[in-house]
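Heads up, the thing below is written out as structure tokens.
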Amino acid sequence: MGRTIGFPTANMQLYEPLKLVPENGVYAVNVEVTGNVFRGMCNIGTRPTVGGTARTIETHILGFNEDIYGLPLRIRFLRRIRDERKFPSLDALRAQLEQDALNCKK
């Protein structure tokens, strides 16, 4: 879904059940993949705008467009940007994600 609105995400699965996960919301993060570190934004939550119900961890790497499917990622949380919320449309969600990306770049 993220790719269709211009924000492709790496959808993460935790393999260690005792890992602590921050509360639901949007975060500015650093993402380590393929030995490099990039700035990104991470959503933790249920994706209510698209009818999601399961809790997910999705990370968009800013200015990045490579295929990293199946590769391990390391996320370093820098700061919380906002709460997760339901938007009235995908266009409204896209507009908020654009603002979130600007906030993550700061």
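Residue-wise test of (1) farther than 11 Å from Val31 by Cβ; (2) surrounded by fewer than 16 Cβ atoms within 10 Å (Cβ to Cβ); (3) in contact with a Ser or Thr (Cβ under 9 Å, 6 or more places away or on another chain).
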{"site": "Thr59", "(1), (2), (3)": "no, no, yes"}
{"site": "Leu62", "(1), (2), (3)": "no, no, no"}
{"site": "Asp67", "(1), (2), (3)": "yes, yes, no"}
{"site": "Gly70", "(1), (2), (3)": "yes, yes, no"}
{"site": "Arg74", "(1), (2), (3)": "no, yes, no"}
{"site": "Arg80", "(1), (2), (3)": "yes, yes, no"}
{"site": "Ser89", "(1), (2), (3)": "yes, yes, yes"}
{"site": "Ala92", "(1), (2), (3)": "yes, yes, yes"}
{"site": "Glu98", "(1), (2), (3)": "yes, yes, no"}
From the list Thr9, Thr49, pick out the single residue that is touching a strand residue (DSSP E or B) at 6+ places or on another chain (Cβ under 6 Å) and either over 20 Å from Phe87 (Cβ atoms) or among the β-branched types (Val, Ile, Thr) (or both).
Thr9
Out of all the residues in the stretch 33-78, which are within 19 Å of Arg94 (Cβ to Cβ), of a type in the set (A, V, I, L, M, F, W, C) and in a loop (DSSP other than H, G, I, E, B)?
Leu62, Phe64
For the stretch 39-54, which residues satisfy the criterion of being of a type in the set (A, V, I, L, M, F, W, C) and surrounded by fewer than 17 Cβ atoms within 10 Å (Cβ to Cβ)?
Val50, Ala54
Within the set of pairs 6 or more residues apart or between chains, which connect a residue that is over 20 Å from Val29 (Cβ atoms) inside the stretch 44-56 to a residue that is open to solvent by 60 Å² or more (accessible area, probe 1.4 Å) and aliphatic (A, V, I, L, M) with Cβ atoms less than 8 Å apart?
Thr49/Leu90; Val50/Met1; Val50/Leu90
Across (1) closer than 16 Å to Phe7 by Cβ; (2) part of a strand (DSSP E or B); (3) of a type outside the set (Gly, Ala, Ser), Asn30 clears everything bar (1)
For Arg76, work out the one condition from (1) modelled with pLDDT under 90; (2) in contact with a strand residue (DSSP E or B) (Cβ under 6 Å, 6 or more places away or on another chain) it doesn't fulfil.
(1)
How do the pairs read when you match residues in the stretch 61-88 that are within 16 Å of Gln13 (Cα to Cα) with residues anywhere that are surrounded by 13 or more Cβ atoms within 10 Å (Cβ to Cβ) and small (Gly, Ala, Ser), using Cβ under 8 Å and keeping only pairs 6 or more apart or on different chains?
Ile68/Ala10; Leu73/Ala10; Ile75/Gly40
Has the stretch 32-46 got at least one residue that is over 26 Å from Lys106 (Cβ atoms) and either in contact with a strand residue (DSSP E or B) (Cβ under 6 Å, 6 or more places away or on another chain) or modelled with pLDDT under 95 (or both)?
yes
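The values are calculated or read from the model by the stated rules, or taken from the named source; none is laboratory data. Since the model is a prediction, treat every value here as computed from it, not as a measurement. Here Cβ is always computed from backbone atoms with ideal geometry, including for glycine, and neighbour counts include all displayed protein chains. Side chains are part of the model used for accessible areas, which takes the heavy atoms of the whole protein and leaves out ligands, DNA and RNA. Shrake-Rupley method; radii C 1.70, N 1.55, O 1.52, S 1.80 Å.
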